[in-house]
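The values are calculated or read from the model by the stated rules, or taken from the named source; none is laboratory data. As the structure is a computational prediction, the values presented were derived from the model and not from experiment. For neighbour counting, all protein chains shown are included, and Cβ atoms are generated from backbone atoms with ideal geometry for every residue, glycine included. Note: areas computed on protein heavy atoms with side chains; ligands, DNA, RNA excluded. Shrake-Rupley method; radii C 1.70, N 1.55, O 1.52, S 1.80 Å.
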Amino acid sequence: MDKDSIGRGGARRRVLGQAVGAAASEAVYSEFAKTGKYDLEAPESVNRAIDQLGLVKPVKDQTSLLRLAQELRVSTIVTGEVHDWQIRSVAGGKQADVAIKIKVLDVASGLPVNGALVNEHSAVRAGDPADETLINEALTAAASAGVATIQGRALPTATVLNTRIDTALINQGSRTGFVNGQDVIVVRGREQVATAKV
């Protein structure tokens, strides 16, 4: 990328880049909240738990993420990162492009169970609009697309009805998304007790 394509120089990009991660987090949180399908922890609660555990922000390593999830008493944790962002001069004005990655971790197993990698852009704005405005618009579009992707790929769940020595009967099947040969995680409450194969 040339210097003009990433904003007003390296120092400007670093300063703006510090706000991009926070804006992306807020956009993804907002999109999950809009669905009304999830019981979300407020960002203030998450930040308080991070401080209480003495973790360094942003929390990235899986061990710390799982500690945070256990402190918050949640079964799933959503993480993400902004892979890239840029402001481009295009015919008629300027446009922002962003690439974000969203990952959903199952706390009981510590395994990623869903996610999305999304590239989106803002509308082309004439004149000299603020870089922050363009980036926030692109982040909102990326968050919306990412959450929609995650919802479209929700993993099936089932209840164990009966067990034998090395098999279990569950109350769901292929009509609800289970596939022959699929690996599954078996939990009791919030603790993983086994892995299995359909």
Q | Selection from the stretch 155-173 of residues that are open to solvent by less than 70 Å² (accessible area, probe 1.4 Å), in contact with a Gly (Cβ under 9 Å, 6 or more places away or on another chain) and among the aliphatic types (A, V, I, L, M) | A | A158
Q) Which members of the stretch 91-114 meet the condition of being at pLDDT below 90, open to solvent by 50 Å² or more (accessible area, probe 1.4 Å) and under 26 Å from G189 (Cβ atoms)? A) L111, P112
Q: Among the residues of the stretch 115-133, write down those that are in a strand (DSSP E or B) and open to solvent by 30 Å² or more (accessible area, probe 1.4 Å).
A: L117, N119, E120, H121, R125
Q.
Could you check the stretch 169-196 and list, in sequence order, the residues that are of a type outside the set (K, R), at pLDDT below 90 and assigned to a strand (DSSP E or B)?
A. D183, V184, I185, V186, V187, E191, Q192, V193, A194, T195, A196
Q: May I ask you to list the residues in the stretch 50-59 that are open to solvent by less than 90 Å² (accessible area, probe 1.4 Å), within 17 Å of A22 (Cα to Cα) and part of a helix (DSSP H, G or I)?
A: I50
(Q) I'd like the full set of residues that are more than 14 Å from D106 (Cα to Cα), part of a loop (DSSP other than H, G, I, E, B) and touching a residue at least 12 places away in the same chain (Cβ under 8 Å), limited to the stretch 60-90. (A) K60
